[in-house]
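The values are calculated or read from the model by the stated rules, or taken from the named source; none is laboratory data. Only a predicted model underlies this, so the values are computations on that prediction, with no experimental measurement involved. Glycine also receives a Cβ, built like all others from the backbone with ideal geometry; neighbour counts cover every protein chain displayed.
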Amino acid sequence: MNKDVIGFGALNLDKIYYVDKIPSKDEEGFVKDVKFFPGGSASNTIVGLSRLGIKAGYIGKIGDDEEGGLLYRDLLKENVDVRCVIKGKGRSGNAIILVDEHGNRAILVDPGVNDTIRYEEINLEAAKEYRMIHLTSFICKNGTDSLESQKRIVKEFEVVSFDPGMPYAWRGLRDMEPILKHTTIFLPNKAEIEMMFREDYLKAVEDCISLGIEIVVVKLGSEGCFVKTKNKEFRMRSLATKVVDTTGAGDAFNAGFIYGFVKGKDVEECARLGNYVAARCIEKFGAREGLPYNV
């Protein structure tokens with residue numbers, strides 16, 4: 001085992017529509033520009049780690065279409081190990097993202113083959129070369145193959161980081177407990193942890209520590225983050241920057257925090273690095289354009 005972090009999550013082509021506003025029910029707006037970027041929460045984080053010099057790989061699935069080829073080639077370009085990327089039949093994942101002039105966003109996800117990863121398909125020999133696995137959510141619209149595979153694979157790793165996203169937060173604590181009980185670093189935002197635990201995030205953080213999670217990091221957007229371990233808790237403000245596009249900000253934070261963890265930094269330095277990488281990300285369009293190559 002001589003490699004650092006492998007990600008396991010959806011692979012999506014982000015189709016970003018820059019709009020005058022994000023419409024509410026029965027409202028209309030207009031599109032100002034359109035850009036396509038490779039994406040997917042865990043893959044954004046893994047690309048961020050690879051750019052910072054971390055040996056990184058990926059477990060995911062693509063379809064036999066143009067989007068799948070683009071996603072695969074982009075991981076190769078970013079020096080990510082693709083031996084655990086499964087090539088399936090069907091439609092690759094897509095995310096339709098609306099971004100307004102203030103950097104706010106709304107997302108519609110077409111999961112395609114993302115939800116169909118069976119445990120038996122995963123190249124476990126290659127995956128277990130990594131010390132740590134980073135998990136993010138699948139939509140699970142057509143079943144729970146990929147989620148069940150995540151629940152099984154966490155038992156194989158010494159260190160697990162987990163960003164649930166709203167799709168897993170909606171599923172609730174009972175459904176997520178098999179992953180949480182193996183989680184070392186839990187990385188939800190405020191809305192996600194409150195949705196999952198059905199209580200205020202400060203109380204939910206205490207419950208996470210009681211479950212045996214070593215480090216809980218609640219992302220608070222422009223207010224920074226709240227971090228708790230068994231022996232320490234603190235808040236850290238975000239860095240002042242010009243917001244262009246918040247797409248991928250949480251994934252970028254994860255990359256910075258995990259980078260610090262892999263490098264043996266204390267949790268305060270990990271949080272600082274998370275805020276730094278997130279700040280660089282939101283200065284550019286898309287989830288990856290602003291990811292830095294050094295910290």
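Condition first: in contact with a Leu (Cβ under 7 Å, 6 or more places away or on another chain), assigned to a strand (DSSP E or B), modelled with pLDDT of 90 or more and within 24 Å of residue 151 (Cα to Cα). Can you find one or more residues in the range 40-58 that meet it? Yes.
Any residue at all in the range 68-85 that's touching a Ser or Thr at 6+ places or on another chain (Cβ under 6 Å), outside any loop (DSSP other than H, G, I, E, B) and surrounded by 15 or more Cβ atoms within 10 Å (Cβ to Cβ)? Let's see the steps before the verdict.
Looking only at the range 68-85, we keep the residues that are touching a Ser or Thr at 6+ places or on another chain (Cβ under 6 Å), and these are 68, 78-80.
Add one more test, that the residue is outside any loop (DSSP other than H, G, I, E, B), and what stays is 68.
Applying the additional criterion that residues be surrounded by 15 or more Cβ atoms within 10 Å (Cβ to Cβ) yields 68.
Yes, some residue in the range 68-85 is touching a Ser or Thr at 6+ places or on another chain (Cβ under 6 Å), outside any loop (DSSP other than H, G, I, E, B) and surrounded by 15 or more Cβ atoms within 10 Å (Cβ to Cβ).
Listed conditions (1) touching a helix residue (DSSP H, G or I) at 6+ places or on another chain (Cβ under 8 Å); (2) surrounded by fewer than 19 Cβ atoms within 10 Å (Cβ to Cβ); (3) under 19 Å from residue 254 (Cβ atoms) are all met by residue 185, apart from (2). Filtering 271, 287, 240, 279 for residues that are of a type outside the set (Lys, Arg) and within 15 Å of residue 43 (Cα to Cα) leaves a single hit, 287.
Considering only the range 249-283, state which residues are among the β-branched types (Val, Ile, Thr), modelled with pLDDT of 95 or more and either under 15 Å from residue 221 (Cα atoms) or within 16 Å of the chain's Cα centre (by Cα) (or both). First the steps, then the outcome.
Filtering the range 249-283 down to residues among the β-branched types (Val, Ile, Thr) leaves 258, 262, 267, 277, 282.
Restricting the remaining residues to those that are modelled with pLDDT of 95 or more gives 258, 262, 267, 277.
Answer for the range 249-283, where residues must be among the β-branched types (Val, Ile, Thr), modelled with pLDDT of 95 or more and either under 15 Å from residue 221 (Cα atoms) or within 16 Å of the chain's Cα centre (by Cα) (or both): 258, 277.
Pairs needed: first member in the range 214-234, within 15 Å of residue 268 (Cβ to Cβ) and without any contact (Cβ under 8 Å) to a residue 40 or more places away in the chain; second member anywhere, basic (Lys, Arg) and in a strand (DSSP E or B); C-beta distance under 7 Å; at least 6 residues apart or different chains. So the pair list comes out as 216/228; 226/235.
So if I check each of 194, 199, 177, 148, which one is assigned to a loop (DSSP other than H, G, I, E, B) and either in contact with a Lys or Arg (Cβ under 6 Å, 6 or more places away or on another chain) or modelled with pLDDT of 95 or more (or both)? Can you show your working first?
Numbers: 194 fails: assigned to a loop (DSSP other than H, G, I, E, B); 177 fails: assigned to a loop (DSSP other than H, G, I, E, B); 148 fails: assigned to a loop (DSSP other than H, G, I, E, B).
After applying the criteria, what remains is 199.
Can you list residue pairs whose Cβ atoms sit under 6 Å apart, with the first residue in the range 2-28 being farther than 19 Å from residue 95 by Cα and surrounded by 14 or more Cβ atoms within 10 Å (Cβ to Cβ) and the second being at pLDDT 95 or above and of a type in the set (Ser, Thr, Tyr)? Count only pairs 6 or more apart in sequence or on different chains. What qualifies is 3/130; 6/130.
Evaluated against (1) surrounded by fewer than 21 Cβ atoms within 10 Å (Cβ to Cβ); (2) closer than 26 Å to residue 78 by Cβ, residue 279 falls short on exactly one condition, (1).
A quick yes/no check of all residues on (1) of a type in the set (S, T, N, Q); (2) closer than 24 Å to residue 4 by Cβ; (3) part of a loop (DSSP other than H, G, I, E, B):
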position: 210; (1), (2), (3): yes, no, no
position: 216; (1), (2), (3): no, yes, no
position: 226; (1), (2), (3): no, no, no
position: 240; (1), (2), (3): no, no, yes
position: 244; (1), (2), (3): no, no, yes
position: 261; (1), (2), (3): no, yes, no
position: 270; (1), (2), (3): no, yes, no
position: 278; (1), (2), (3): no, yes, no
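I'm trying to understand the selection: among the residues of the range 203-261, which are touching a Pro at 6+ places or on another chain (Cβ under 9 Å) and of a type in the set (D, E, K, R)? The one that is touching a Pro at 6+ places or on another chain (Cβ under 9 Å) and of a type in the set (D, E, K, R): 219.
Return yes or no: is residue 50 surrounded by 23 or more Cβ atoms within 10 Å (Cβ to Cβ), more than 16 Å from residue 130 (Cα to Cα) and of a type outside the set (A, V, I, L, M, F, W, C)?
Working: surrounded by 23 or more Cβ atoms within 10 Å (Cβ to Cβ): yes; more than 16 Å from residue 130 (Cα to Cα): no; of a type outside the set (A, V, I, L, M, F, W, C): yes.
For residue 50, the condition - surrounded by 23 or more Cβ atoms within 10 Å (Cβ to Cβ), more than 16 Å from residue 130 (Cα to Cα) and of a type outside the set (A, V, I, L, M, F, W, C) - is not met.
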